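Here's the structure we're looking at; comments come further down.
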Amino acid sequence: MAFEIKFRIWDKSLKEFISKGFTITQHGKLLKFNQEITNPENYILHPFSGMLDKYDKEIYEEDIIEHTVAQSGNISQIVGIVRYDSTKALFYLDDLNRTALSDLFSIRKIGNPYENSVLFDLYVKKKIS
């Protein structure tokens, strides 16, 4: 089974996701149309987790997702941000348990904080302060 390496890139100056024309070298440098980028701090790279939500939407690092939890006969919804742990090589939900994304079920992608300022205020801004 082949695993496709995909990513999306947030361009801070354009304030939008772009992906066409970008590649990553084996040394981790970001290239645009095979030319080294002179201002890499202007771009935020989000790797694809390899997972889709229940509506077949791709889930990337820093997406905000909701998943269903069943405990003691009660069902609840947990919301968190998808993060990547490079020491364990896994994507996880940034919640109290740091649950591996692959262990979750009934996942629904809510969005991402870059394209939705309300999500930024609710989920990211409070982590910065």
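Brief remarks follow.
- Some residue of region 15-25 being in a strand (DSSP E or B), at pLDDT 90 or above and surrounded by 10 or more Cβ atoms within 10 Å (Cβ to Cβ): yes
- Which listed residue is among the hydrophobic types (A, V, I, L, M, F, W, C), without any contact (Cβ under 8 Å) to a residue 60 or more places away in the chain and farther than 21 Å from residue 17 by Cα, from 48, 105, 33: 105
- Residues that are touching a Ser or Thr at 6+ places or on another chain (Cβ under 7 Å) and either modelled with pLDDT under 90 or more than 14 Å from residue 53 (Cβ to Cβ) (or both), drawn from region 77-89: 77
- Scanning region 4-52 for residues that are within 23 Å of residue 81 (Cα to Cα) and among the small types (Gly, Ala, Ser) yields 19, 49, 50.
The values are calculated or read from the model by the stated rules, or taken from the named source; none is laboratory data. Bear in mind that the values here come from a model prediction, so they are computed numbers and not experimental data. Quick reminder, even Gly has a Cβ in these numbers, built from the backbone with ideal geometry, and neighbours come from all protein chains shown.
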